[in-house]
Amino acid sequence: MTINRRGFLGISGAAIAVSAVAPGLRLIELAEGRAPDQAVTPKQRWGLLIDAAKCADGCTACIDACHEENGVTGNNRPATDPQWIRKVTVEDNTTGFRQSFPVMCQHCEHPPCVDVCPTGASFKRADGIVLVDKHTCIGCRYCMMACPYKARSFIHEVTTGQKTHAPRGKGTVESCTLCVHKVDRGDNTTACAVACKKEGHEAILFGDLNDPGSEIRKRLKQKPSTQLRPDLKLNTGVRYQGV
Amino acid sequence: MKRFTVGVFAGLFALSVAYAAEPAKTTRVPAPSIQINKDRGEQCVEPTEEMRRNHMNYILHQRDETMHRGIRTTKHSLKNCINCHANPKTGSVLGKDGFCASCHHYAAVKIDCFECHTDRAEKKAAIPAGRPRQALAPVIRTALGQPRQRHQP
């Protein structure tokens, strides 16, 4: 087979045009936020990266911001008050090294809470966010028992003054929503990440684990990270560094 | 005899006309009080008759779309309902003059929405695009027996 000069130029021109357009299309697709009438897709997998080395001992800025953002209120009863984020302090028994870091819903790829839910109220959205559909939650609390991270809380008492974007009521289970209302709005951050940055720690980073160009993926590539309880093979959306 | 029968029927007919013409306010059950924010326009997202009968289906459909698929269009969202229909004085759709509560109380249908959802309008609720702002909406009279006059564009 022989290709004359004109044929060669034509083919190579077409090839250049295709390679120029294809990356362009991809860039637009990644850069633009989702329109309100578009459904979530598995193209994104939202997650957090928590740098435990940067998390300050005794600081509760993320918890306060989370509870403020989502209207989570308690009744001064620590045993039963809801917690969407907990500050966990761990100590190495051999060396005595102590560190603390926030633990919230880990937004697992294979969430045990979804497996055990008898009504389908506990579910994982296409973009990886694990949520409770309180319309179908019957308050059985199986998910609370199944969760290895103790991430979920039960609302024991009548709630008032809820936020418009975060309905919550007595007799249902709730947990971190990864600020799903902010994600859907295209804010590309969470209340805890904003608060941590404001405090100057920058220990929490929100991002798309599926996007190789995202800050979270770059940071994950640079330094080693771990999941909590990786032995459970849940492939969590929340990753930790410096633990 | 024939004349008597005709007379009786004529009398009955006259009575029934008189009864039908009687104003509806004599009902023993207080009619729901419905007030809307006057600056939000008076056209609901669907025709009024449709909304009266089927509002729950619209909200139910939107509920699942938003919860599971992340679709957050405002047209049929509960948030949009509340922002428009909250009582201008109390800022709520519940209470004695609340849009939702007064009608549901009248119809004796329990609503669960506000066990979890807030009953209050957002403080700075934006008026949805494409909905003309109208200077004055006439005070809406109670829904029952007196269908509201709607201005068709």
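Some points to look at:
- Counted residue by residue at 0.36 nm each, then reduced by the alpha carbon distance between them, the extension gain from A:Thr73 to A:Glu215 reaches 47.9 nm.
- P(r), alpha carbons of segment A:46-241 - 10 Å bins starting at zero, rounded %: 9, 36, 39, 15, 2
- Each residue in A:Arg86, A:Arg34 was given a count of other beta-carbon atoms within 10 angstrom of its own, and listing them fewest first yields A:Arg86, A:Arg34.
- Peptide B:105-114 shows a mean partner chain C-beta count of 1 within 10 Å per residue C-beta.
- Stokes-Einstein D (µm²/s) once Rh is taken as the Kirkwood radius of segment A:57-142 over alpha-carbon pairs, at 20 °C in 1.002 mPa s: 140
- Peptide A:225-235 is shielded by partner chain Cβ atoms: per residue, an average of 0 of them sit within 10 Å of its Cβ.
- Look at A:Asp64, A:Asp231, A:Asp208 and count the other Cβ atoms within 10 Å of each Cβ; fewest to most, that gives A:Asp231, A:Asp64, A:Asp208.
- Cα-based helix-to-principal-axis angle, A:61-70 vs chain A, degrees rounded to 10: 90
- Cα long-axis angle, helix A:5-31 against chain A (0 to 90 degrees, to the nearest 10): 10
- For the peptide A:153-165, the mean number of other protein chain Cβ atoms found within 10 angstrom of a residue's Cβ is 3.
- Listed pairs A:Lys150/A:Lys233; A:Lys163/B:Lys96; A:Lys43/A:Lys170; A:Lys150/B:Lys79; A:Lys124/B:Lys79; A:Lys163/A:Lys223 exceeding 26 Å between Cα atoms: A:Lys43/A:Lys170; A:Lys150/B:Lys79; A:Lys163/A:Lys223
- Cysteines without a disulfide-compatible neighbour (Cβ-Cβ under 4.7 Å), chain A: A:Cys55, A:Cys59, A:Cys66, A:Cys108, A:Cys117, A:Cys137, A:Cys140, A:Cys147, A:Cys179, A:Cys196
- Extending 7 Å from Cα along the Cβ direction at A:Glu199 and again at A:Ile138 yields two label points whose distance is 4.0 nm.
- Peptides B:106-118, A:140-152 ordered by average Cβ neighbours within 10 Å, highest first: A:140-152, B:106-118
- Sparse packing (at most 12 other Cβ atoms within 10 Å of the Cβ) combined with a DSSP loop state is found for the following chymotrypsin sites (Phe, Trp or Tyr not before Pro) in segment A:36-105: A:Phe97.
- Cα gyration tensor, segment A:126-179 - rounded (a/c under 1.5), prolate or oblate: oblate
- Chain A, helix-only ellipticity at 222 nm - DSSP H runs n ≥ 4, -39,500 (n - 2.57), divided by all residues, nearest 500: -8500 deg cm²/dmol
No value in this document is a laboratory result; all are computed from the given coordinates. What you see is a predicted model, and the numbers here were worked out from it, not measured in a lab. Backbone-built Cβ (ideal geometry, glycine too); neighbour counts: all protein chains shown.
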